[in-house]
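To keep things clear, I will list the structure first and then write my remarks on it.
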Amino acid sequence: MQKELLEQLRKITQEEQRILNGEAQVDRELYTSGTDFTVDSRKMLDEDKLIAVRTHTRFVHFPSHRHNYIEVLYVCEGSLTNIIDGKKVVVQKGELLFLNQFTRHEILPAGEKDIAINFMILPEFFDVAYSMTGSNNVLADFLVNVLRRDEERGEYLYFKVAEVLQIQNLLENIIYSLVTGNGEQNRINQTTMGLIFLYLIDSVQYVEMRLPNQYENMITMTTLDYIEQKYKTATLTELCERIHLPMHVLSKMIKKSTGYNFKELLQRKRLNKAVELMCETNLPVSDIIAAVGYENNSYFHRIFKERYHMTPRAFRLKNRKNPQVHL
């Protein structure tokens with residue numbers, strides 16, 4: 001992170017100075033108007049804004065509370081310790097913690113060198129991110145839909161992505177934009193967050209989550225990531241061997257969580273990749289068929305026509321200049 005920006009974030013705020021002067025507790029009136037400690041978006045975001053940032057207030061224990069918006073914690077320096085549903089989650093430098101709406105947590109006191117950013121985000125802010133990932137990405141659906149729920153489930157997504165340079169650069173861009181007063185650039189910030197989300201989808205191997213039916217959700221995430229990474233050679237048999245589950249048990253979990261069976265998920269991914277190659281390259285269709293994992297050209301043509309109601313050649317001619325085609 002740029003030295004100048006980090007120095008600005010390190011500055012002692014008025015709230016922190018009051019705490020250093022002897023105030024022992026968080027001033028709840030800054031965060032909520034109700035008796036229950038639910039941090040209110042109306043207190044934290046200007047009218048008509050979908051996102052805002054503030055530095056996390058140091059030197060004080062934040063008692064158990066929740067938010068009526070999505071909170072994203074990003075640690076610029078040091079660490080930040082959260083207690084979520086009795087579990088300690090220590091977010092280190094460069095890591096991200098997504099807390100869903102109404103997820104109850106508390107935060108242990110941060111020291112002077114623990115610099116963290118709170119992104120306060122209304123769910124509709126993620127509409128752009130969702131449109132960028134595309135409706136044909138089941139893994140993206142799974143992650144984005146978690147953040148769009150408004151039930152009190154105590155959900156979080158914890159991404160250990162300190163080493164993913166692209167994510168770090170994009171986060172610095174959006175923090176700089178919001179901290180320096182360019183927060184009115186809502187569309188730019190939404191697009192930046194969409195890019196961050198695209199990289200997070202490619203980094204699901206670094207995610208820790210807490211969701212209802214956590215075991216089933218982790219199996220689903222593993223399945224979707226396996227298909228994303230290994231679509232050319234993926235098989236249900238190999239996946240079962242990897243995660244040590246009987247085929248009938250895994251098949252039932254996948255269908256329950258995604259609405260699709262393994263074959264359907266794999267076919268969607270392969271067709272999606274084929275469409276991308278048709279629209280963005282000059283590869284012959286026969287080479288594209290092989291590249292996405294099919295050996296039988298006739299079978300590919302049949303399932304492609306069932307999905308798109310035209311042949312691959314006709315599809316390519318129609319959509320050559322339109323790579324953002326969804327299943």
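The values are calculated or read from the model by the stated rules, or taken from the named source; none is laboratory data. The model shown is predicted, which means the values in this text are computed figures rather than measured ones. Here Cβ is always computed from backbone atoms with ideal geometry, including for glycine, and neighbour counts include all displayed protein chains. These accessible areas exclude ligands, DNA and RNA; they are computed on the full protein's heavy atoms, side chains included. Shrake-Rupley method; radii C 1.70, N 1.55, O 1.52, S 1.80 Å.
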* Amide H of Val39: which non-local residues (sequence gap of 5 or more, or other chain) have their own amide H closer than 5 Å, using H built in the peptide plane? -> Arg66, His67, Asn68
* **Charged-residue dipole, Cβ positions (Lys, Arg, Asp, Glu), the chain about Cα centre, Debye nearest 20** => 1480
* With at most 10 other Cβ atoms within 10 Å, longest stretch of the chain clear of loop GluC sites (Glu not before Pro) (DSSP) -> 164-294
* Keeping the other protein chains in place, figure out the carbon and sulfur percent of the accessible area of segment 255-327, with a 1.4 Å probe. => 48
* Structure fact -> With the dipole of the chain defined by +1 on each Lys or Arg Cβ and -1 on each Asp or Glu Cβ, the option from Leu224, Leu50, Val285 whose Cα lies farthest towards the positive pole is Val285
* Structure fact -> Over 30 Å (Cα to Cα) among Lys256/Lys318; Lys255/Lys318; Lys160/Lys318; Lys255/Lys305 -> Lys256/Lys318; Lys255/Lys318; Lys160/Lys318
* Selection from Tyr156, Val146, Ile175 lying farthest towards where the dipole of the chain points positive, charges on Cβ -> Val146
* Is it possible to state the helix-based mean residue ellipticity at 222 nm for the chain, with each DSSP H run of 4+ residues giving -39500 (n - 2.57), the sum divided by total residues, to the nearest 500 deg cm²/dmol? What is it? -> -14000 deg cm²/dmol
* Convert each backbone phi in segment 60-73 into a coupling constant with the Karplus relation 6.51 cos²θ - 1.76 cosθ + 1.60 (shift: θ = phi - 60°), then list the ³J(HN,Hα) values in order as whole Hz, x for Gly and Pro. => 9, 7, 8, x, 3, 8, 9, 9, 9, 8, 7, 10, 10, 9
* Asked: Rounded to the nearest whole Å², what accessible area per residue is found for segment 195-327 with the 1.4 Å probe?
  -> 55
* Counting only protein heavy atoms, what percent of the accessible surface of segment 1-121 is carbon or sulfur at a 1.4 Å probe? -> 44
* In percent, what relative contact order does segment 186-327 have, based on Cα pairs under 8 Å that are 6 or more apart in sequence? -> 19
* Asked: On average over all directions, what projected area in square nanometres does the chain have, based on the convex hull of its Cα atoms?
  -> 18.7
* Take segment 1-146, drop everything but the C-alpha atoms, weight them equally and run the Debye formula without solvent; then report log10 I(q)/I(0) at 0.11, 0.12 Å⁻¹ to two decimals. => -0.45, -0.54
* Provide the per residue accessible area, probe 1.4 Å, for segment 1-134, rounded to a whole number of square angstrom. => 46
* To do: Report, in debye and to the nearest 20, how large the dipole of segment 193-327 comes out about its Cα centre when Lys and Arg carry +1 and Asp and Glu carry -1 on their Cβ.
  => 600
* Structure fact -> The Cα radius of gyration of segment 200-261, divided by 2.2 N^0.38 Å with N its residue count, comes to 1.08
